[in-house]
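The values are calculated or read from the model by the stated rules, or taken from the named source; none is laboratory data. In this text, all values refer to a predicted model and were calculated from it rather than measured experimentally. Using ideal geometry, Cβ is built from the backbone for each residue, glycine included, and neighbour counts are taken over all protein chains shown.
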Amino acid sequence: MTDKILLLPIIIPLVSGAMVLLFSNRFRRAIEMISLLAASLSLLVSIRLFKENLSFSLPWLGQGLEFSLKLYHFSWFILLAIASFGFLIILYSILFMRNKAYLNQFYSYFLLTISFASGAVLADNLLIMLFFWEGLLLTLFGMIAIGNKNAFKTAIKAFIIVGITDLCMMAGIILTGHLAGTLAISKISLSLNGLGALAFIFLMIGAISKAGSMPFHTWIPDAAIDAPLPFMALVPAAFEKLLGIYFLTRISLDMFQLSPGSWVSVMLMAIGAITIVLAVMMALIQKDYKRLLSYHAISQVGYMILGIGTAVPVGIVGGLFHMINNALYKSGLFLSGGCVEKQTGSTDLRELGGIGTRMPVTFICFIITAVSISGVPPFNGFFSKELVYDGALERGWIFYAAALIGSFFTAASFLKLGHAAFLGKISEKNKGVKEAPFLMLAPMIVVTLLCVIFGLYNQLPLRHLIQPVLGGIRMEGHDFSGFPGNMKLVLATVAVLIAALLNHIWGVKTKGSGLKAVDHIHHAPILSGIYDRAEKRYFDPYDMGLKIADLAAKIAFRCDRAVDWLYDGLAVKVTFAFTRQIRKAHTGSYSAYLAWSLIGAILVAVFLIYST
Amino acid sequence: MYSWFILFPLLSVIILNLPFRGMMNKIAIWYALALSIAQVYLVLFPVNIVMPFLQLNLNADIISRAVLLCIAIVLFVTILSAKYLIKKEDKLFNFVNLLFICLAGMNGVTLVTDIFSLYVFIEITAVASYTLISFYKDKDAFEAAFKYIMLSAMASAMMLAGIALIMLISGDTGFFAIREALKVSPHSSLIVFAIAIFICALFIKGGLMPFHGWLPDAYSAAPAPVSVLLAGVVTKTLGIYGLIRIMVSVIGFDGPLKQALLFIGALSIVVGALAALGQSDFKRMLAYSSISQVGYIIIGLGTGTALGIFGAVFHLFNHAIFKSSLFLNSAAVESRLGTRDMDKMNGLASKMPVTGITSVISCLSAAGLPPLAGFWSKLIIIVALWVSGYRVYAVVAIMASVITLAYFLSLQRRVFFGRIKEDSMNIKEAGIGLTLPAVILTAIIIGVGIAFPFLRDAIKF
């Protein structure tokens, strides 16, 4: 096998993505066939490449720049995950997107996203990676923009937020290249002080923003409503987590030596903890299936960042394991949301309810993925969260506490979501709802099964995929697979879950419906004020930025007017004042002109005589 | 050979008026055209024809030749437009005769080597000009000609007095002799006074502020071909070339004199431009613009450096070209609309495209936009001012070109741009007699502007 095969995961979706764009929407079948074929080919190639150590290099653009790709134990499973999710969600999209507009654009961006994501994972040169990374920004914009009628505004928002953080990353790459003297990722090794720390922070901003962490998250809930659902299941739920956390891990472990004592580690943990708590609090009060999920997509990133930020093996392993688990159950949840949307035509929880018996497969899948995300044993989320808890507790109880609070609210909000959507009274409109078609159920079932397998047989992912990433030396001979060793933590988790359940039961009993089960938290004295402001986007950095930009534009406009007035007003007025005086002086009388000439001549003569 | 430049036009007048006038009537205009073309040719490619009789004491350096070229080109376009505008044959015949006298006078001014001959030729040209201005015998023209005569009379008196005083010291009127004599006693106040009044007389002839009173009336009231001739070459040759010649060949540059030139030049630039801004009469605006542009020539001269003088002569040439072109445009508009009031015009470019385009190019050249000819001469003048240390004047010159652009754009906007008025819907482009000369001049503007870097090497100043 030649090394050129490394190009296939990039080229197959790239070419087919371009090809799809050639077809008009009338050739729906051709578009679907090409997309599905490309996705399955990518998947086959990724499976073939699994466990291969390869590198590929080609001189590029001159200047000693190398188009270098590298496949090793970390990129194996990320590449495989990308190809698998791509395949499953394309399968799902075929029915879901059938009657939507912009079909060719959707599939084209979808395939290009797969291509760029594979490229970013494989790249062994920061500049090459940046190239693919920025390509993802374009497809991100495109995929959001083809959504509903508000989508374009949301796409702009996403583009600006991600674009700015990508600029930070670009600065970080320049700085890193300057400090290390090379852009080859595998050759960079920097310490975290002075400019090195600055470079790390810039790169980290790029990474965690891609993963959707706070404060770069605000476009995700908007996109959840406006963008096509498969996009949500693919990009914010799976790809962005995979890529962002992959890159964060690479910069923390390979390029910079992140040690538990450093302030950067504390900063990462703080970002993680804050993201967990704030995002899940927002998720709690949402009244829309997809929007609720999108806040969880943000919140869960917090666990990963917290885990990696601990810089201790158990935390890092937990963070990475959580990354893959989250990709599974979060895309599963979004897919279930898609099934509900497809069958009932709505994702507003106020219009749903009682459809659990009519859509049993969807409901079961939802239950399993929901308990996974809530961290109920023995599903996969439980194991990865326990590892993160373990790491967090090692670094400080406050981080553990934040993670635990997050767990409580996660469980509470999913109890609310499940209750409001699937149980309770069914509305008249939804009486005739049937189960989703098999083609849409299949991807969801696969993902759900994987959640169960990764939980029950967690040795499989941990031993074969994740622990090798850290390498034998860093692992110090530990093996984190199997049931958690620290029983106290498990008990605490179970206690929190039971508390969430009791809270839900109490909420339902007092307020009378599943939808309102958490209203006592929503309308709690201090919280309600904060919630109101958050819902009005007072805390959205993008809106704040817009306000500042607006103010700056107003000031610049005033300055511009002032300068205009200086030229168009004052200068013209002064000039014409002179002009009027000159016109007045020209009376047309020749005697006056003679006098001027005479006076002029006398002045010239006097001047010349006196100055010589 | 240069004697021919003076004698031939004079002889032509005599020959044209010999008994067989009837035949001459028809060919006079073509004869004049041929003569102007011959002058262009002879200036560019000098031929040494030895005169068998009447050896005049003449000399032509590069400055004289540049002015001779201007005279020939402007004369050519004047004759073309006169052919078109003056319909009566005997009127045209008279016109051509006056042009010949003018031509002889102007060629004389550019070629003579003593100040008395200079005075005589200036008077010859001036007398012909008075008649030309009042050619149609209308009231405005008489008033204008009268003002011109009154101020010229004052100039003549001052010039003669100056010559007399200079004669007292030098005993000769030749440039070289006076120059030598001035070197002996340069700073006696009598000499300075003589120089002062002589120069002021030339200021009057050249129409500089504040000696310009006659100029706007004369330019605007004169018949269109005469305006072209007056603005293009007459005042430039009599006043400005005379001044350049006297400064370069006779007096030389010393501090106070340069200061006086620079000040008068800057005053003319600024006040002329501001006054032009306030005009609504097409030709009056051009007249004030002439005052302003002449100011540039004078401050270029005022630097006293070779670069400055080169810039001044080059700008003189450019001004002759673009101002003639603009006066032709004004004639074209006036001939179609019957008015010179710019407030009564609008959007004429759609009906008179050739006139519109040539006027835009001429205006832009006057405002000094690259790559047109006017840009280079202004640039050279400003650079000369800067390197000679007259930075304030350089800044004034630059700022004033903004006003220049302002009034020319206002002219364009009022006359040629915009939507055409109802009552001028049916007008047509002016005849070939007005458009062809304008096109020729515009071609010169563009050609000189683009080819300037090559010309600069070709002309050894």
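One residue alone among A:Gly354, A:Gly375, A:Gly381 is surrounded by 22 or more Cβ atoms within 10 Å (Cβ to Cβ), touching a Lys or Arg at 6+ places or on another chain (Cβ under 7 Å) and within 30 Å of A:Ala436 (Cβ to Cβ), and that residue is A:Gly375. What's the number of the only condition in (1) under 22 Å from B:Leu229 (Cβ atoms); (2) without any contact (Cβ under 8 Å) to a residue 60 or more places away in the chain; (3) surrounded by fewer than 24 Cβ atoms within 10 Å (Cβ to Cβ) that B:Cys363 fails to meet? Going through the list (1) under 22 Å from B:Leu229 (Cβ atoms); (2) without any contact (Cβ under 8 Å) to a residue 60 or more places away in the chain; (3) surrounded by fewer than 24 Cβ atoms within 10 Å (Cβ to Cβ), B:Cys363 breaks only (3).
Of the candidates B:Arg245, B:Arg284, the single residue that is of a type in the set (Lys, Arg) and under 25 Å from B:Lys139 (Cα atoms) is B:Arg284. Residues being in contact (Cβ under 8 Å) with a residue 60 or more places away in the chain, crowded, with 19+ Cβ neighbours inside 10 Å, assigned to a loop (DSSP other than H, G, I, E, B) and touching a Leu at 6+ places or on another chain (Cβ under 7 Å) are entirely absent from region B:438-455. Taking region A:522-612 and the helices (runs of 4 or more DSSP H) fully enclosed by it, the elements with 3 or more residues that are free of Cβ contacts under 8 Å to residues at least 12 places away in the same chain, closer than 30 Å to A:Tyr295 by Cα and away from chain B (no Cβ under 14 Å) are at A:525-535, A:541-564.
Taken over region B:274-306, the criterion of being under 21 Å from B:Tyr393 (Cβ atoms), more than 13 Å from chain A (Cβ to nearest Cβ) and of a type outside the set (Gly, Ala, Ser) is satisfied by B:Gln293, B:Val294, B:Tyr296, B:Ile297, B:Ile299, B:Leu301, B:Thr303, B:Thr305.
Quick grid of which residues meet (1) under 23 Å from the mean Cα position of the chain (by Cα); (2) away from every other protein chain (no Cβ under 14 Å); (3) assigned to a helix (DSSP H, G or I); (4) exposed (fewer than 15 other Cβ atoms within 10 Å of the Cβ):
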| position | (1), (2), (3), (4) |
| --- | --- |
| B:Val395 | no, yes, yes, yes |
| B:Thr404 | yes, no, yes, no |
| B:Leu411 | yes, yes, yes, no |
| B:Ile420 | no, yes, no, no |
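Of all residues in region B:217-248, exactly one satisfies the criterion of being surrounded by fewer than 24 Cβ atoms within 10 Å (Cβ to Cβ) and polar (S, T, N, Q), namely B:Ser220. Scanning region A:366-391 for residues that are at negative phi and either touching an Asp or Glu at 6+ places or on another chain (Cβ under 9 Å) or basic (Lys, Arg) (or both) yields A:Pro377, A:Lys385.
With respect to A:Lys429, is the statement that it is at pLDDT below 80 and part of a helix (DSSP H, G or I) true? So A:Lys429 fits the description; yes. Looking across region A:584-612, the residues that are of a type outside the set (A, V, I, L, M) and surrounded by fewer than 16 Cβ atoms within 10 Å (Cβ to Cβ) come down to A:Lys584, A:Thr587, A:Gly588, A:Ser589, A:Ser591, A:Tyr610, A:Ser611.
Reported count of residues in region B:326-353, each being modelled with pLDDT of 80 or more, assigned to a helix (DSSP H, G or I) and polar (S, T, N, Q), is 3. Is there a residue in region B:201-216 that is of a type outside the set (A, V, I, L, M), without any contact (Cβ under 8 Å) to a residue 24 or more places away in the chain and either surrounded by fewer than 24 Cβ atoms within 10 Å (Cβ to Cβ) or within 9 Å of chain A (Cβ to nearest Cβ) (or both)? Looking through region B:201-216, none of the residues is of a type outside the set (A, V, I, L, M), without any contact (Cβ under 8 Å) to a residue 24 or more places away in the chain and either surrounded by fewer than 24 Cβ atoms within 10 Å (Cβ to Cβ) or within 9 Å of chain A (Cβ to nearest Cβ) (or both). Being among the aliphatic types (A, V, I, L, M), under 17 Å from B:Val67 (Cβ atoms) and buried (at least 24 other Cβ atoms within 10 Å of the Cβ) is a condition met by no residue of region B:279-287. Evaluated against (1) closer than 27 Å to A:Cys339 by Cα; (2) modelled with pLDDT under 80, A:Phe382 falls short on exactly one condition, (2). Select from region B:140-171 the residues that are away from chain A (no Cβ under 13 Å) and either in contact with a strand residue (DSSP E or B) (Cβ under 8 Å, 6 or more places away or on another chain) or part of a helix (DSSP H, G or I) (or both) and list them in ascending order. Within region B:140-171, B:Ala141, B:Leu160, B:Ile163, B:Ala164, B:Ile166, B:Met167, B:Leu168, B:Ile169, B:Ser170 meet the criteria. No other residue among A:Leu198, A:Leu243 is more than 13 Å from the chain's Cα centre (by Cα) and of a type outside the set (Gly, Ala, Ser) apart from A:Leu198. Only residues that are within 18 Å of B:Gly239 (Cα to Cα), surrounded by fewer than 23 Cβ atoms within 10 Å (Cβ to Cβ) and of a type in the set (Ser, Thr, Tyr) were counted across region B:65-120, and they come to 3.
In region B:253-263, which residues are touching a helix residue (DSSP H, G or I) at 6+ places or on another chain (Cβ under 6 Å) and at the interface with chain A (Cβ under 8 Å from one of its Cβ atoms)? B:Pro256, B:Ala260, listed by residue number.
Working only within region B:178-200, note down all residues that are away from chain A (no Cβ under 14 Å) and touching a residue at least 60 places away in the same chain (Cβ under 8 Å). Matches in region B:178-200: B:Ile178, B:Arg179.
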